[in-house]
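Below you'll find the structure, written out as structure tokens, and then a few comments.
The values are calculated or read from the model by the stated rules, or taken from the named source; none is laboratory data. In this text the structure is predicted, and so the values were computed from the model without any measurement. Cβ atoms come from the backbone with ideal geometry, glycine included; neighbour counts cover every protein chain shown.
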Amino acid sequence: MMSEQEKQYIVEQRASGKSFAEIGRALGKNADTVRSVFNRIMEKEASDSSIVARSQTSITNAPICKYCGQEFARTSESAKRLFCSDHCRNAYHNGQKRRVPYALTCEHCGRRFIAFGNPRKRFCSRKCFADSQKKAVALAGSHMEVL
Ligand SMILES: [Zn+2]
Ligand SMILES: [Zn+2]
């Protein structure tokens, strides 16, 4: 008998393109056992009306959001839409932006460094950030003494 956890593992691995032999090796079972368990799970799922309903919507070729992976209704004016909502579109483009490199100069050590997606980054490293904070504290401290 397989535990629910093992069954779930089989379905997940199968979904990510693993062969029954590979999954079997990972679980210490043979490929035939894994295949028959997988087929039984799929039969059970197929008899589940909600799963059937879902597969029917994908037959209508509903577009899938490029960001969150959810299907969304296609309307005539949104035929080329790639996202289910403005939220997802913005989030996706922000994600893209994050990979844009910016050449910046470290405020602490003056070294040139590359920051990805954040043109307002001020330090080349955590160390420079920490050192600059210490310096600020030290300056504030000496200031206090003067006062
Ligand atoms: Zn979405
Ligand atoms: Zn630095």
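Each residue in segment 105-144 was checked for being near ligand 2 (Cβ under 9 Å from one of its atoms), assigned to a loop (DSSP other than H, G, I, E, B) and loosely packed, with under 14 Cβ neighbours inside 10 Å, and 4 pass.
Of all the criteria given as (1) within 16 Å of ligand 1 (Cβ to nearest atom); (2) at pLDDT below 80; (3) assigned to a helix (DSSP H, G or I), the one not satisfied by LYS80 is (3).
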